[in-house]
Every structure is written in structure tokens, then in C-alpha cells.
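The values are calculated or read from the model by the stated rules, or taken from the named source; none is laboratory data. No experiment lies behind these values; they were computed from the predicted model shown. We place every Cβ from the backbone using ideal geometry, glycine too, and count neighbours over all the protein chains shown. When the accessible area is computed, the model is the full protein with side chains, heavy atoms only, and any ligands, DNA or RNA have been set aside. Shrake-Rupley method; radii C 1.70, N 1.55, O 1.52, S 1.80 Å.
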Amino acid sequence: MSTILVINSGSSSFKYQLIDMDTENAIASGLVERIGESSGHTTHRGPSGTSERTLEIPDHTAGFRAMLDAFAQSGPSLDDDPPIAIGHRVVHGGKRFFEPTIVTPLVELNIEDLSDLAPLHNPANLEGIRAAEKAFPDVPHVAVFDTAFHQTLAPEAYTYAIDAELAERHRVRRYGFHGTSHKYVSEEAARYLGKPLADLKQIVLHLGNGASACAIDGGRSVDTSMGMTPLEGLVMGSRSGDIDPAVLIHLSRRAGLDTDGLDELLNRRSGLVGLAGRGDMRDVTRAAAGGDASAERALATYLHRLKHYIGAYFAVLGGLDVITFTAGVGENSEVVRAGALEGLGALGIRLDPERNAVRSRDPRTISADDSAVTVLVIPTDEELEIARQTQAAIA
Ligand code: AMP
């Protein structure tokens, strides 16, 4: 069996999935969490069920030992059948990394060097890589970057209109994120429709706790709503998305917020949390349906912003064949899908309410038969996409 182990490492936890590349099924998965705290925890799902352990996990290296123990105890055995490669999610690849890349000491240095653009993510991703290399010294490790898919953006799409020399010196430009998901979903959409990817103009709406829109022409990302960091664009669970930059100047002068305070405000106390006091779209739609005014306003603002991007990307693409909803909100909320597309008949976008109401884990069409633009729901699978790209990189 050829398997690939996919690692998504955060600062105090990592998730893993072992994927059989012949069937593309996950045959084991798990979570190692509370690394560095007084008591850590592992959850492992394998062929014989779920096993859990509480133990001290001082660092990521110990976390990988705990993961190997879980495989040894609950299967499948990695000694009998080691993975052919390890695929690592890395959030920021800057402009250096435009494809999945086999990890070398130089690649690690480059990931480290990009940490000032993603201080919460890249150091944690790198810790996972270094610990995994100790656990699997004889297997190739591949870094798959969230930003890579958007390296096809033209300069006019990634440039912020500020002092060009200053921007260049500090690497200020749009990079875009969720690239692994946008790539996977746009390719699955073409496959589902039985049409060549090269012929399709697509908008993918990745609506999860973080959210981004992407305009994709013939399989190439041409615009995306997240920017230098994953803060720009759509209204998210707790992030503001687009905002007049002068608001920050105003708040620092008038409300006494320093840079850490502004960071906290925009990343953790904004979006649905800031408007409605709750970041989960299920709670917001339920409260809005019950007449809660702040939840109604939060939902309306969320939908207005989405519609704004759909119109913008229609123009950027010069036409549109497919809109696809994905991730937690996109896959599950018929209210959000209907609200985002309401009134877009003039653009050739018409939903079928009954199809939109279907709940399923499968890819599906939700547009009406006479809609010029096909509207789809396709569950995203970032782990599988990382495994596919890892396999391609070692081939
Ligand atoms: P993700 O980041 O893709 O895991 O998405 C997580 C988010 O999906 C949660 O914060 C919820 O807001 C949202 N979500 C999950 N199920 C539903 C649902 N049935 N209706 C609306 N939102 C949902």
C-alpha cells in the first residue's frame, strides 16, 4: 500500500491523516493537543476504532513519539508499511514558493524567514516539520503552501497602491490563502461537471471560520479576497475582513488602541463575534431567524460582502461558468447560500430552492436548470489535496 501522512501543525497541537493513495481514503487520523501544557492529549482514529491518551507532551518531538505509539497500539502499523512521504501544510510561502517543495535545510530557513509575514503560523508549521523529520528520518518531507495557488495573480491583482519601494522592502503585497482548498475545489468542480478545467471561469467561496473568495480562470487563481495576511476580504467568524485603513489610525488616536490592541480587535473581536457576539454561523442564523437585531445585522453584513465579491469577480473574470460553495458554512448553510445569490438573476445566477435545501456530504448542483451559471456545493478536503501535491512533488 502507498500511503502519505499529512501533518497540519499549530503551536500547541497538530492534526494528522494517513491517506491510502490508491483509493485516496483516509485510513487513520488524529490530533495531538495541549503540547507544552502540564497534561497533553492524543486522539487516534484507526481501523479498529478511536483511542485516547492523556500524557505529558513537552514539545512537538514528544508529540510525534505519542503519535507513533498510537499507530503502534491501534494501527495501522507504520513499521510494516511506512508512508512513502510526509506532506506538511505551511501557511505562508511568500513569493518564493509557488509549488509543493521537498523540504531541505534551505527550505526550512526560507520558511523561518517568512515568519514575520505569518508569526502565528510559520514557526508552528516549522516546529512540526522538524519534529516529523526526527520521527521519519528516511522519508521525504514535502511542504505544501496555502499561498502557492495564488502565485499566478497578475501584479495589478496583488499590488497595494502604497509607496512601492517601502512595500517591496517589507514584502507588502497580496499573497492570498486557502489555496489548497481553492485548488482542490475548483478541480473537483470541473471533474464533477465533466468539463475541462481549462475551459471554466469559476468563483470558489471557501466559507469556514476563516473565509475567502477566489476567482479562477482555466484553473489559475486570478484574484482572491485574503491579502498579505488572512485578515482581508470577507466577514469571518472573528475577523473583520475589509475595512478602511484609516479606521485603524482613528482608533489608535481616539480610542487609545496600540498595535497589539488593533491586532486583537481585528482578528479576535470582529466579524460575526464583533457584530453579534457569536462566531458560529449556526448560532447567528438561528438568532437572526428569531428576530435578534444584532444577529440580523451580522448576517446581512456577511451576505452583502459576499455579494460584493461575487460581482467583482464576475467582472474580473469577464464572465462566469461556475460558483462553488465549500467549507463549514458553505457546505452546510442553505441560508447563507441563498442570501449570497439572492437578486443575482441579472448575472445569470438562479438557485433552485429545493436543491439548495438538500443536506449531503456529496458534491451537488444547487442551481436551477435555466441558470446560466452553475452553482455547486463541493466539500473541501485539504488533507487529500496536500497528499496529492506531496505525491506529485516526490514523483
Ligand atoms: P470550518 O472552518 O470549515 O471548519 O467551518 C467551521 C464553521 O462552519 C463553524 O464555525 C460554523 O460557523 C460553520 N458551520 C458548520 N455547520 C454549519 C451549519 N449547519 N450552518 C451554518 N454554519 C455551519
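Values as computed for the structure displayed
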read-out: Centre separation in Å (Cα based) which lies between region 134-169 and region 184-229; value: 18
read-out: C-alpha long axis of helix 60-74 to longest principal axis of the chain, angle in °; value: 80
read-out: For Phe145, distant residues with modelled amide H under 5 Å away; value: Val90
read-out: Accessible area per residue, Å², region 155-259 with all protein chains present, probe 1.4 Å; value: 47
read-out: Carbon/sulfur fraction of accessible area - the chain, other protein chains in place, 1.4 Å, %; value: 50
read-out: Efficiency of FRET between Asp113 and Arg359 - r from beta-carbon atoms, R0 41 angstrom, step 0.05; value: 0.35
read-out: Whole-Å distance, taken between Cα centres, linking region 1-63 and region 262-314; value: 33
read-out: Cα-Cα over 22 Å, subset of Lys15/Lys307; Lys95/Lys134; Lys15/Lys134; value: Lys15/Lys307; Lys95/Lys134
read-out: Cα gyration tensor category, rounded, prolate or oblate, for region 221-330 with a/c compared to 1.5; value: oblate
read-out: Whole-Hz couplings from phi, Karplus 6.51/-1.76/1.60, listed for region 158-172; x for Gly and Pro; value: 9, 8, 8, 7, 10, 3, 5, 5, 5, 4, 4, 4, 9, 6, 8
read-out: 12 Å beta-carbon shell around Ala392, net charge (K/R +1, D/E -1); value: 0
read-out: The chain, helix-only ellipticity at 222 nm - DSSP H runs n ≥ 4, -39,500 (n - 2.57), divided by all residues, nearest 500; value: -11500 deg cm²/dmol
read-out: Value of Rg to Rh for region 247-395 (Rh from inverse mean 1/r over Cα pairs, i.e. Kirkwood); value: 1.05
read-out: DSSP-defined antiparallel bridges as percent of all bridges, the chain, nearest 5; value: 70
read-out: Descending semi-axes in whole angstrom, ellipsoid equivalent of region 125-236, from the Cα gyration tensor; value: 25, 23, 13
read-out: Angle between the chain longest axis and helix 122-135 axis [Cα atoms, degrees, rounded to 10]; value: 30
read-out: Amide hydrogen neighbours beyond the local backbone of Ser367, cut-off 5 Å, H modeled; value: Asp352, Val375
read-out: Derived scalar couplings ³J(HN,Hα) [region 331-339; Karplus, 6.51 cos²θ - 1.76 cosθ + 1.60; whole Hz; x for Gly, Pro]; value: 7, 10, 9, 5, 5, 5, 4, 5, x
read-out: Space enclosed by the convex hull of the alpha-carbon atoms of region 1-115, per residue, Å³; value: 109
read-out: Residues whose placed amide H lies under 5 Å from that of Leu257, excluding near-sequence neighbours; value: Ser252
read-out: Separation in nanometres of the label points that stand 7 Å from Cα toward Cβ, at Arg286 and Gln73; value: 3.5
read-out: ³J(HN,Hα) computed for each position of region 359-369 - Karplus, 6.51 cos²θ - 1.76 cosθ + 1.60, integer Hz, glycine/proline x; value: 9, 7, 9, 9, x, 7, 8, 10, 7, 6, 4
read-out: Environment charge of Ala198, counting only residues whose C-beta is closer than 12 Å and scoring Lys/Arg +1, Asp/Glu -1; value: -1
read-out: Hits among lysines - C-alpha to C-alpha of Lys201 under 16 Å, sequence gap 8 or more where chains match; value: Lys183
read-out: Nearest-ten-degree value, helix 179-193 long axis tilted from longest Cα axis of the chain; value: 70
read-out: Values of log10 I(q)/I(0), in the order q = 0.09, 0.12 Å⁻¹, for the chain under a Debye, Cα-only, solvent-free model; value: -0.57, -1.02
